[in-house]
Amino acid sequence: MTEFDYDLFVIGAGSGGVRAARMSASHGAKVAVAEEYRVGGTCVIRGCVPKKLFVYASQFQEEFEDAAGFGWTVPKAKFDWATLRDNKDKEIDRLNQIYIRNLKNSRVEIIDSRAVLKDAHTVHLIAENRDVTADKILIATGATANVDDGLKGVEHAITSNEAFHLDELPKKVIVTGGGYIAVEFAGIFNGLGIETTLLYRGEEILRGFDDDLRATLHEEMEKKGVRIITESILTEIEKSGDGYKAHLDNGEVLDTGLVMFAIGRDPNTKDLGLEGVGIEMGRKGQIIVDKYSRTNVENIYAVGDVTDRANLTPIAIREGAAFAETVFNNNPQAVDHSVIPTAVFSQPEIGTVGLTEEQARATFSEVDIYKSKFRAMKHTLSGRDEQTMMKIIVDAATDRVVGCHIIGPHSGEMIQAIGIAVTMGATKAQFDMTVAVHPTAAEELVTMKEKWIAPELKAAD
């Protein structure tokens with residue numbers, strides 16, 4: 001008979017925590033999971049799922065316009081925010097119930113409470129004011145949206161959390177930030193007919209992505225009507241009538257109905273009792289773990305965004321599964337974070353896997369670049385001035401494809417398949433031997449034969 005109440009206690013019922021809990025229970029462990037808000041975590045409840053539903057909604061405006069080139073006469077459309085918001089809530093409620101049902105079917109106990117550590121084996125449940133013990137503890141509390149707490153008038157701003165539940169849409173919005181959440185919401189607001197400004201302190205949006213993706217997205221977003229201001233920050237948000245005046249450090253003052261912060265997310269480790277237990281954390285508050293997701297405290301583990309390794313839902317799920325295999329199935333597994341396909345649901349959409357050109361040139365002695373930019377077939381009749389860009393990065397010494405970057409319609413769908421090839425170590429020759437699917441945009445990925453040479457190098461020749 002065990003000396004603990006549970007074999008495993010999971011703090012946080014997001015994607016990583018739920019996967020770890022269910023798989024651990026399937027291996028015979030007695031498992032409980034504590035969640036203070038809603039089962040499903042950021043992705044399902046207030047992240048990628050509702051966001052993509054909003055992206056779909058915001059794309060219809062262009063679809064209606066594009067239909068004319070194909071012979072359709074579309075009456076002037078009218079958008080109702082409340083219908084979208086409420087239908088989204090119904091879908092999130094449905095998914096939340098599925099997560100709950102799956103946990104219960106896996107014989108995982110769900111505890112609706114905030115949980116904090118008292119010692120290495122004891123968890124205090126605040127809502128119930130009681131302690132429970134566990135042999136192993138897994139922290140899967142995710143990350144929280146940042147705001148600039150030192151900004152004058154910051155109390156007037158929202159984050160993406162609140163954007164999903166607005167009572168009504170403003171006529172103007174400022175999104176501050178340059179990462180994927182910022183560009184996605186800028187596209188959503190703009191597509192829903194809101195005058196949108198994207199404000200970013202850096203030189204170019206989407207820091208960390210391939211430079212060609214960044215530049216192309218910037219150009220295409222501006223074509224669609226988003227105003228992008230770089231190398232500038234807010235200095236004050238001033239209440240003004242029914243809206244606000246946003247003061248920038250470049251001296252400009254913008255009238256707006258809403259300011260939304262999308263300046264990144266920090267690991268959700270505050271007030272969890274980690275310091276008292278002696279768990280090592282990094283500068284941002286992230287939990288430091290080894291390749292098997294174990295902390296410096298032998299029986300305590302952490303997965304997902306709280307570790308700040310690769311902050312993506314599929315990675316949290318993989319880490320949760322690897323934890324269960326390692327700890328409860330005697331099958332040690334470490335997640336490979338080196339090749340991660342991912343999508344940005346900006347408008348136009350981005351799909352990317354592997355190294356950027358800058359990273360590849362820093363890694364390999366010689367790199368070959370294959371690049372193509374063109375107008376998608378659909379827009380030959382729609383008349384829309386939108387460019388698709390595809391780029392393949394190759395280690396010249398081995399011919400191995402080490403990066404692939406796409407911006408254009410359905411890029412996220414394409415990159416999932418390309419991610420398989422890149423993960424397997426496919427060569428450019430193998431890409432070239434693949435039969436093209438015609439007519440598709442994706443066929444460009446297997447028909448690019450000429451190496452791209454920078455214009456300045458061509459001139460030098």
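Where strands (runs of 3 or more DSSP E) sit wholly within segment 94-192, those with at least 1 residues that are in contact with a helix residue (DSSP H, G or I) (Cβ under 6 Å, 6 or more places away or on another chain) occupy 108-111, 115-119, 130-139, 143-145, 172-176.
Inspect segment 199-211 for any residue being assigned to a helix (DSSP H, G or I) and surrounded by fewer than 23 Cβ atoms within 10 Å (Cβ to Cβ) and give the result as yes or no. Looking for residues that are assigned to a helix (DSSP H, G or I) and surrounded by fewer than 23 Cβ atoms within 10 Å (Cβ to Cβ), one finds at least one in segment 199-211, hence yes. Of the residues making up segment 33-52, those that are assigned to a loop (DSSP other than H, G, I, E, B), touching a residue at least 60 places away in the same chain (Cβ under 8 Å) and farther than 16 Å from Lys90 by Cα are Glu35, Glu36. Of the candidates Ile415, Ile420, the single residue that is closer than 21 Å to Ile315 by Cα and touching a His at 6+ places or on another chain (Cβ under 9 Å) is Ile415. Among the candidates Gly193, Gly187, Gly257, Gly241, the residue that is at positive phi and modelled with pLDDT of 95 or more is uniquely Gly193.
The sole residue among Val132, Val123, Val173 that is farther than 20 Å from Asp266 by Cα, in the same structural domain as Lys245 (by TED's automatic domain parsing) and buried (at least 18 other Cβ atoms within 10 Å of the Cβ) is Val173.
Does segment 149-164 contain at least one residue that is over 25 Å from Thr83 (Cβ atoms), modelled with pLDDT under 95 and either among the basic types (Lys, Arg) or more than 18 Å from the chain's Cα centre (by Cα) (or both)? Yes, segment 149-164 has at least one match. Within the option set Gly403, Gly419, Gly412, Gly425, being closer than 30 Å to Gly193 by Cβ and not assigned by TED's automatic domain parsing to the domain that holds Trp72 holds for one residue only, Gly412. So Glu65 clears everything in (1) of a type in the set (D, E, K, R); (2) farther than 30 Å from Gly17 by Cβ; (3) exposed (fewer than 14 other Cβ atoms within 10 Å of the Cβ) except one condition, right? Which one? So Glu65 meets the others, but not (3). Taking the residues in segment 212-231 that are surrounded by 21 or more Cβ atoms within 10 Å (Cβ to Cβ) and in contact with a Leu (Cβ under 9 Å, 6 or more places away or on another chain) as candidates, determine which candidate is farthest from Lys172 (Cα to Cα). Among residues in segment 212-231 that are surrounded by 21 or more Cβ atoms within 10 Å (Cβ to Cβ) and in contact with a Leu (Cβ under 9 Å, 6 or more places away or on another chain), the one farthest from Lys172 (Cα to Cα) is Leu213. Filter segment 425-458 for residues that are among the acidic types (Asp, Glu) and free of Cβ contacts under 8 Å to residues at least 60 places away in the same chain; which is surrounded by the fewest Cβ atoms within 10 Å (Cβ to Cβ)? The residue in question is Glu456.
The values are calculated or read from the model by the stated rules, or taken from the named source; none is laboratory data. Being a predicted model, the structure only gives us computed values, none of them experimental. Virtual Cβ from ideal backbone geometry, glycine too; neighbours counted across all protein chains shown.
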